[in-house]
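S.K.: Next up is a structure, given as structure tokens.
Nothing in this text is a laboratory measurement; each read-out follows from the coordinates by a stated rule. Everything numeric here is computed off the predicted structure, so don't read it as measured data. Methodologically, a virtual Cβ is constructed for each residue, glycine included, from the backbone with ideal geometry; neighbour enumeration extends over all protein chains shown.
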Amino acid sequence: MAEWTERAELLFKKEGLDKLKNSHVLIVGMGGVGSFAAEFVARAGVGKMTIVDGDVVDITNINRQLPALHSTVGKPKVDIVGDRLMDINPKLELIRIKEFLSPERAYELVTKDYDYVMDCIDSITPKLNLIMSAKRQKVKIISNMGAGGKFEAAKVKVSDIGKTEYCPLAKTIRKRLRKEGISGGVKVVFSSERADETSLKMTDGSNFKKSFYGTNSWMPALFGLHAAEAVVKYLIKK
């Protein structure tokens, strides 16, 4: 046992920690949700991770994203988060993929090599295709819905996508999944709080993203925490 995992082993037991060490988790998106999810999963003791992101830190990311500092503006998120994960666990097997996930690439990326997929993308089409790819490959996936435009930490929960409410992103994804014959069986993190519509801003539509809500410092991290909890608990019991 590595000294740094002593407290984890007391809680997870040796069998649980061994399962985590032998697990491979794919995390797509290293923004506000994904960067925190990756850190929580790494600190839990997962032995192999693949992280995917094609973006660089923007100064507007500083209010909510783990890799975002004034000193890191303009640097690739996958590099900053990846270096941090290796500093947490030098023995971590880490694969870094520096690219935006195109809809087509989602079907190439997901394979049965992964024990769990964590969808931390905020663009609808790549998110939809990543979910569909995981479902077709019969790989476990948890997908994060909309954290923007919301304040109340107590209203964040994990549920089947068929049981979500008051989340515009979840509603859109749910409808499009139904068209593909998927009506449920997708675990998601969502908030039942109504989004503040006055905080919505339209974009130029690049990277499959047409708009975004205002965000605070704690909601994206909280989504990442809930997603990490679901993944770690599943891997320990697997």
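S.K.: For a quick check: with amide H placed at 1.01 Å from N, whose amide H comes under 5 Å from Ser23's, ignoring anything fewer than 5 positions away on the same chain?
M.R.: HN-HN under 5 Å from Ser23: Gly47, Lys48.
S.K.: Under the Karplus relation 6.51 cos²θ - 1.76 cosθ + 1.60, θ = phi - 60°, what is the ordered set of whole-Hz ³J(HN,Hα) values for region 111-119, x standing for Gly and Pro?
M.R.: Ordered by residue, 3J(HN,Hα) equals 9, 6, 5, 8, 7, 7, 10, 10, 8 Hz.
S.K.: What distance in nm separates the simple spin-label points at Asp204 and Thr125, each placed 7 Å from Cα in the Cβ direction?
M.R.: 1.7 nm
S.K.: Still on this model: Evaluate the relative contact order of region 85-238 (contact order divided by residue number), counting alpha-carbon pairs under 8 angstrom at least 6 apart; express in whole percent.
M.R.: Answer for region 85-238 is 24 percent.
S.K.: Oh, and also: Show me, for region 7-12, the HN-Hα J-couplings you get by feeding each phi into the Karplus relation (A = 6.51, B = -1.76, C = 1.60, θ = phi - 60°), rounded to Hz, glycine and proline as x.
M.R.: 5, 5, 5, 4, 8, 7
S.K.: Take the alpha carbon atoms of region 1-31, find their center, do the same for region 103-148, and report the distance between the two centers in whole angstrom.
M.R.: 22 Å
S.K.: Which FRET efficiency value, to the nearest 0.05, is calculated for Lys98 and Ala154 with the Förster distance at 25 angstrom and r the Cβ-Cβ distance?
M.R.: It comes out at approximately 0.10.
S.K.: Also: Would you work out the charge dipole size for region 3-237 about its Cα centre, treating the Cβ of every Lys and Arg as +1 and the Cβ of every Asp and Glu as -1, and quote it to the nearest 20 debye?
M.R.: It works out to roughly 860 debye.
S.K.: Over the chain, what per residue volume does the convex hull of the Cα atoms give, in whole Å³?
M.R.: About 119 Å³ per residue, rounded to a whole number.
S.K.: Still on this structure, I have one more. ³J(HN,Hα) across region 92-101 via Karplus (A = 6.51, B = -1.76, C = 1.60, θ = phi - 60°), whole Hz, x for Gly/Pro?
M.R.: After applying 6.51 cos²θ - 1.76 cosθ + 1.60, I find 4, 7, 10, 10, 10, 10, 9, 7, 6, 7 Hz.
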